[in-house]
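Chemist: Pasting in a structure now, in structure tokens, and then I'll have a few things to ask.
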Number of protein chains: 2
Amino acid sequence: MSDHTSAPLGVLMGAEMAEQPDVLGGMAARFDDVSAQLKGLVSGGVAGVAFLARGSSDNAALLGRYAVELASGLPTCLVAPSVVTSYQRGTDGFAGWLIVALSQSGRTPEIVRLAGDFHRSGATVVGITNDSDSDLAREARLTIELNAGRERAVPATKTVTSQMLAVLAIAAGLTSRGQRALTGADVSVLTGAVSELLDDVEPVQRVAAQLAAHNRVAVVGRGTIYPAALETALKLQETSGMMAHGFSTADFRHGPIAVCGPDVPAVLLAGSGPADEDTREVRAQLTQRGAPSILVGTASGRTTPDVAWPLLGTAAECVLATVRGQQLALHVCRALGIDPDQPAGLNKVTLTH
Amino acid sequence: MSDHTSAPLGVLMGAEMAEQPDVLGGMAARFDDVSAQLKGLVSGGVAGVAFLARGSSDNAALLGRYAVELASGLPTCLVAPSVVTSYQRGTDGFAGWLIVALSQSGRTPEIVRLAGDFHRSGATVVGITNDSDSDLAREARLTIELNAGRERAVPATKTVTSQMLAVLAIAAGLTSRGQRALTGADVSVLTGAVSELLDDVEPVQRVAAQLAAHNRVAVVGRGTIYPAALETALKLQETSGMMAHGFSTADFRHGPIAVCGPDVPAVLLAGSGPADEDTREVRAQLTQRGAPSILVGTASGRTTPDVAWPLLGTAAECVLATVRGQQLALHVCRALGIDPDQPAGLNKVTLTH
């Protein structure tokens, strides 16, 4: 039996991580429906796609942005909520756009308010939320329910991975003619794959013990894996208080790699996508600097990962990378004797003005 | 005489920082012309504005994105170069868009290649570069020259602040009818203001000595100051190897603040904008956690900054915040006996595939 349900620290976080195969399975079963609904919603055409989010949801939004850009070729952006809320700038420029608003609780006030503003400006608002009775659901033309069950742990896990799957369904619905869209069948493998990862705790514990000896870590990934690097860094920050920094591989190797050395390891997240070989190549640069590196990802011809995830060959690998990152955060906390269910700096609902 | 020209460490970096009043003065003198040229270029209307950049230029692009969004209400986004370069996705969705491509050298291969792709897809490309004879300049309909002189120090300073002023000129040219556009007269004050900052070294040295005792720091800012927080963190990373992490205030206070404590200080950058009071308010939360905080910014009714910059009341305060960040990085290096002119991980031209 793996320790993620029996250990005294992070009981809630571990339990909610363990719900992910079911939650993702539910979303995979609705994947083709959601993608068809989305397709219907934008059948008149759409000028671009903007994502509206904060915190962990922002990392799911970033995956959405990559996936939509890749599938549709449409202009995609992440909206800065503060432009509208703090600077009182209007939303009129987004008439004809699809706005994807993400809020796990459906109650993040600035996200709800902005969703309403965008709707009134002539944009089509899609809400992604875990609460179909929330304010966000009321502002949206289409609500994608996460059906993740109540999230009681403070660090968001199951809602983040299900948000990731939801944005992939949106991207599937926006796929240009002639390109192959991701399908429910493609992502149904996540249920089994995530179960496998959650049962495969030993390599995570070994790596977590190594990381726990340091107070700084760089988490590096590129393309559709980059959102998982940011989410892994965020989870480490929030739960363990470790100064973890997520970097895009392309940026990291040309400067910020200077932060790594014998006392500062790097976690490299590398899947099977076309940008991921770059991330594997960083390992040699890190070795030259005397920096420990931990490779998490799919096996490739030349490298054996320290912690593996199965090769899917799609952007859904970001979900697997994110689960690996959750496990890392949980087990770093356990190695340090910190309870991630009661982190020092985190509130459940973000109440930014 | 201040130490930034006479000290043995970071001679080049200090010398190029000292050129900023002149370089910014030159850009301020051309500000109204650039803004008028831009206005002419898009007189037929524009669907949105996308920025294309990497590294330090990416932080100037982020300021551009905020400034353009605030001035014009147009959809604005930062393009992920890897979507096109690694995933082979086309750029057709950006027909009718204004593309602002930033490359200090004008030779960053992926930026140059993408600028050409966007042009052929029917977008209007504006290049911002320090080399008017570069490949980027040849791909652009309009080139905004930085005229910053050759940059020999590896950490970019004068080119970053002049890029920031260039994107503000673009935003000025895109300002909606009825809104007041930023003018050359508004930004001409930067020459004197930056000179003042560069002469005011003592408070920076005091704070740098404090930071140098730590190996981790959070740099926090919001809205139009957020790009300066990211740039300050990047300069600290590249030059000193310190694990500095830039955060948006709104995100930081709801989770990542857990990284701060007695051993991990935060640098708060707060100007006179409508979002900046949020950043000042974080100080109380940090104090509760026992985390040292350093306030850098304009004086406000309730707070006296540890390191000040003069109140301008415009987005050009981001330039002042960035200069303060450069000074911090330089003086942290000097306190640690590190030469920022020869940092351990940095290449001058980014050659990402």
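The values are calculated or read from the model by the stated rules, or taken from the named source; none is laboratory data. Quick caveat: nothing in here was measured; it's all calculated off a predicted structure. Positions of Cβ are generated from backbone atoms using ideal geometry, with glycine treated the same way; all protein chains shown enter the neighbour counts. Remember, those area values only see protein heavy atoms, side chains included, never the ligands or the DNA or RNA. Shrake-Rupley method; radii C 1.70, N 1.55, O 1.52, S 1.80 Å.
Chemist: Under a point-charge model restricted to the Cβ atoms of Lys and Arg (+1) and Asp and Glu (-1), what is the dipole moment magnitude of the stretch B:209-277 relative to its Cα centre, in debye to the nearest 20?
Modeler: My answer is approximately 60 debye.
Chemist: On to the next question. To the nearest 20 Debye, how big is the dipole of chain B about its Cα centre, given +1 on the beta carbon of each Lys and Arg and -1 on that of each Asp and Glu?
Modeler: Value, rounded to 20: 660 debye.
Chemist: Checking an interface number: how much accessible area is buried between B and A, summed over both chains, with a 1.4 Å probe, in Å² rounded to 100?
Modeler: 5400
Chemist: At 7 Å along the Cα-to-beta-carbon direction for both B:Ala29 and A:Arg141, put a label point, then send me their distance in nm to one decimal.
Modeler: Those two pseudo-labels are separated by 5.2 nm.
Chemist: For label points placed 7 Å from Cα toward Cβ, what is the shortest-first list of nm distances from B:Gly290 to its copies?
Modeler: The projected label point of B:Gly290 is separated from its counterparts by 3.1 nm.
Chemist: Now for a separate question. Accessible area per residue for chain A in Å², computed with a 1.4 Å probe and the full protein assembly in place, what is it?
Modeler: Dividing the accessible area of chain A by its residue count gives 32 Å².
Chemist: From Cα pairs below 8 angstrom and at least 6 apart in sequence, can you work out the relative contact order of the stretch A:200-259, rounded to a whole percent?
Modeler: Value for the stretch A:200-259: 32 percent.
Chemist: Under 5 Å between amide H atoms, partner at least 5 residues away or on a different chain: which partners does A:Leu78 have, H built in plane at 1.01 Å?
Modeler: Residues meeting the criterion, in which the H sits 1.01 Å from N, are A:Phe51, B:Leu78.
Chemist: So, one more: Which percent of the accessible area of the stretch B:161-200 is formed by carbon and sulfur heavy atoms (probe 1.4 angstrom)?
Modeler: 48
Chemist: Rounded to whole angstrom, how close does the nearest chain A beta-carbon get to the axis mapping A onto B, and which residue is it?
Modeler: A:Cys77, 2
Chemist: Dipole of the stretch B:101-208 (Lys/Arg Cβ +1, Asp/Glu Cβ -1, origin at the Cα centre): which of B:Thr159, B:Leu198, B:Ala169 lies farthest to the positive side?
Modeler: Looking along the dipole axis, the top candidate is B:Ala169.
Chemist: Report the gain in length on full extension from A:Asp339 to A:Ser176: 0.36 nm times residue separation, minus Cα-Cα distance, nm rounded to one decimal.
Modeler: 54.1 nm
Chemist: On to the next question. Taking a point 7 Å out from Cα toward Cβ as the label site, list the nm distances between B:Leu41 and the same residue in every other copy, smallest first.
Modeler: Nearest to farthest, the other copies are at 3.5 nm.
Chemist: What ranking do A:64-72, A:203-211, B:163-171, B:275-283 get when scored by the average of other Cβ atoms within 10 Å per residue, highest first?
Modeler: With the highest mean Cβ count within 10 Å placed first, the list reads B:163-171, A:64-72, B:275-283, A:203-211.
Chemist: Separate question: Put a point 7 Å out from Cα along the line to Cβ at B:Asp200; what are the distances to that point in the other copies, in nm, shortest first?
Modeler: 5.6
Chemist: Let me ask something else about it. How large is ³J(HN,Hα), in whole Hz, for each residue of the stretch A:217-229 in order, when computed from phi with the Karplus curve 6.51 cos²θ - 1.76 cosθ + 1.60 and θ = phi - 60°, using x for Gly and Pro?
Modeler: Couplings: 7, 9, 10, 10, x, 9, x, 6, 8, 4, x, 5, 5 Hz.
Chemist: Here's something else I'd like to know. Suppose every K and R has +1 on its Cβ and every D and E has -1 on its Cβ; what is the size of the dipole of the stretch B:239-334 about the Cα centre, in Debye to the nearest 20?
Modeler: Around 200 debye, computed over the stretch B:239-334.
Chemist: Moving on. Rank these residues by their accessible area, most exposed first, probe 1.4 Å: B:Leu336, B:Leu12.
Modeler: Ranked list, largest accessible area first: B:Leu336, B:Leu12.
Chemist: Ranked highest first by average number of other Cβ atoms within 10 Å, how do A:234-240, B:246-252 line up?
Modeler: Packing order, densest peptide first, comes out as A:234-240, B:246-252.
Chemist: Accessible area of the stretch B:220-353 with a 1.4 Å probe: how many percent of it is carbon plus sulfur?
Modeler: Here carbon and sulfur together make up 52 percent of the probe-accessible area.
Chemist: Let me ask something else. So if we plug the beta-carbon distance of A:Gln288 and B:Gln288 into 1/(1 + (r/R0)^6) with R0 = 45 Å, what FRET efficiency do we get, rounded to 0.05?
Modeler: 0.60
Chemist: Considering the options B:Gly48, B:Gly90, B:Gln20, tell which one lies farthest towards the positive end of the dipole of the stretch B:8-99, charges being +1 on Lys and Arg and -1 on Asp and Glu at the Cβ, about the Cα centre.
Modeler: So the residue we want is B:Gly90.
Chemist: Which value in deg cm²/dmol, rounded to the nearest 500, describes the helix-derived mean residue ellipticity at 222 nm for the protein assembly as shown, given -39,500 (n - 2.57) per DSSP H run of n ≥ 4 and division by the residue count?
Modeler: The per-residue figure over the protein assembly as shown is -14500 deg cm²/dmol.
Chemist: I need to check one value: relative contact order of chain B, counting alpha carbon pairs closer than 8 Å and at least 6 residues apart, in percent.
Modeler: Contact order relative to length: 20 percent.
Chemist: Now, a different point. Ignoring ligands, DNA and RNA, what percent of the accessible area of the stretch B:18-136 is carbon or sulfur (1.4 Å)?
Modeler: Percent of accessible area from carbon and sulfur atoms in the stretch B:18-136: 44.
Chemist: Can I ask one more? Taking the simple approach of a point 7 Å from Cα along Cα-to-Cβ for both B:Ser300 and A:Glu19, what is their distance in nm?
Modeler: 3.8
Chemist: Mind checking B:232-238 for the average number of partner chain beta-carbons within 10 Å of each residue's beta-carbon?
Modeler: 4
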